[in-house]
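Written below as structure tokens is the structure these notes are about.
The values are calculated or read from the model by the stated rules, or taken from the named source; none is laboratory data. Owing to the predicted nature of the structure, the values given are computational and were not obtained by experimental measurement. Cβ placement follows ideal geometry from the backbone for every residue including glycine, while neighbour counts extend to all protein chains displayed.
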Amino acid sequence: MRIEAKELSKIYGEGERQVTALDRACLEILPGDFLSVTGPSGSGKSTLLHLLSGLESPTSGELLYDGRNIYDMTDRELSAFRRRRIGFVFQQFHLLPVLTARENILLPVLLDKKKPDEAYIDRLAELLGIRERLSHLPHELSGGQKQRVAIARALAAKPDIVFADEPTGNLDSRSGGEVMELLKRAPEETGTALMVITHDDRIASMAPGRFSIVDGILHREDGTEAEEVRR
């Protein structure tokens, strides 16, 4: 799996109210990559995530997954594509309260009408330290445990990439650190690429590939100064 973003731009509004949320971003993501993106509120971080994951369409530019522009897909094709090849971890967990932890984890696989790989799910639960909590409902779990369930759910369908949007935002520093240590093992254990959107430099520093966004322009951090990513 190879992801290539080519000159991705997103513009909202018209005339004097026009806002360029993302300006000609270029990016390549390969299997097992672990990338982080930082930036102030309103800089374009979430817009970048939404475009890269197919949740929004760009004003201009291309997004290629293994050479295919996903914005050329029909809505039905794109929905199936996201279900099968992309995982999501959000700040708010988004667990269904009436389902157990195991049922929440299995949900994306069952929605795709596939038989779960039970051995793989058990391995994920063991890796994430939630094996003894799988029969519990979300309200019976701590914040850190809920986020671990959300990570397992994101990985359940064996996606090519997981996008994590402020995954530690609702956790205390200790739980957040533990969750990130577990989350960053995904590229190592499964080969799944990982992109984390965060405002926390400590979280961002865990990623070998670091990016930042300022005024909608994507930069790559080279360790000393930001290098604008343009091709």
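Would you say Ala154 is surrounded by 24 or more Cβ atoms within 10 Å (Cβ to Cβ), small (Gly, Ala, Ser), under 16 Å from the mean Cα position of the chain (by Cα) and under 21 Å from Leu22 (Cβ atoms)?
Judged against the criteria, Ala154 is not a match.
Would you point out the residue of region 126-151, among those that are in contact (Cβ under 8 Å) with a residue 60 or more places away in the chain and in contact with a strand residue (DSSP E or B) (Cβ under 8 Å, 6 or more places away or on another chain), that is nearest to Leu96 (Cα to Cα)?
Looking at residues that are in contact (Cβ under 8 Å) with a residue 60 or more places away in the chain and in contact with a strand residue (DSSP E or B) (Cβ under 8 Å, 6 or more places away or on another chain), I get Ala150.
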**Request:** Hey, could you check region 215-228 for residues that are of a type in the set (A, V, I, L, M) and at pLDDT 90 or above and say which is surrounded by the most Cβ atoms within 10 Å (Cβ to Cβ)?
**Result:** Leu218
**Prompt:** Taking strands (runs of 3 or more DSSP E) that fall entirely within region 1-109, which contain at least 2 residues that are within 17 Å of Ile213 (Cβ to Cβ) and within 16 Å of the chain's Cα centre (by Cα)?
**Reply:** 19-29, 34-38
**Request:** For Leu127, state whether it is closer than 20 Å to Ala186 by Cβ, modelled with pLDDT under 90, among the aliphatic types (A, V, I, L, M) and out of contact with any Pro (no Cβ under 9 Å at 6 or more places or on another chain).
**Result:** yes
**Request:** Just give me the residues in region 110-148 being assigned to a helix (DSSP H, G or I), farther than 18 Å from Val89 by Cα and not hydrophobic (A, V, I, L, M, F, W, C), in sequence order.
**Result:** Glu118, Tyr120, Asp122, Arg123, Glu126, Arg131, Glu132, Arg133, His139, Glu140
**Request:** Mind listing just one residue for me: the one in region 7-31 that is within 20 Å of Arg68 (Cα to Cα) and either surrounded by fewer than 17 Cβ atoms within 10 Å (Cβ to Cβ) or in contact with a Phe, Trp or Tyr (Cβ under 8 Å, 6 or more places away or on another chain) (or both) and, of those, modelled with the lowest pLDDT?
**Result:** Pro31
**Message:** For region 174-185, give me each residue that is out of contact with any Phe, Trp or Tyr (no Cβ under 8 Å at 6 or more places or on another chain) and surrounded by 15 or more Cβ atoms within 10 Å (Cβ to Cβ).
**Reply:** Ser175, Gly176, Gly177, Glu178, Val179, Met180, Leu182, Leu183, Arg185
**Prompt:** Taking strands (runs of 3 or more DSSP E) that fall entirely within region 181-221, which contain at least 2 residues that are more than 14 Å from the chain's Cα centre (by Cα)?
**Reply:** 209-214, 217-221
**Prompt:** Only one residue in Thr20, Thr74 is among the hydroxyl-bearing types (Ser, Thr, Tyr) and free of Cβ contacts under 8 Å to residues at least 60 places away in the same chain. Which one?
**Reply:** Thr74
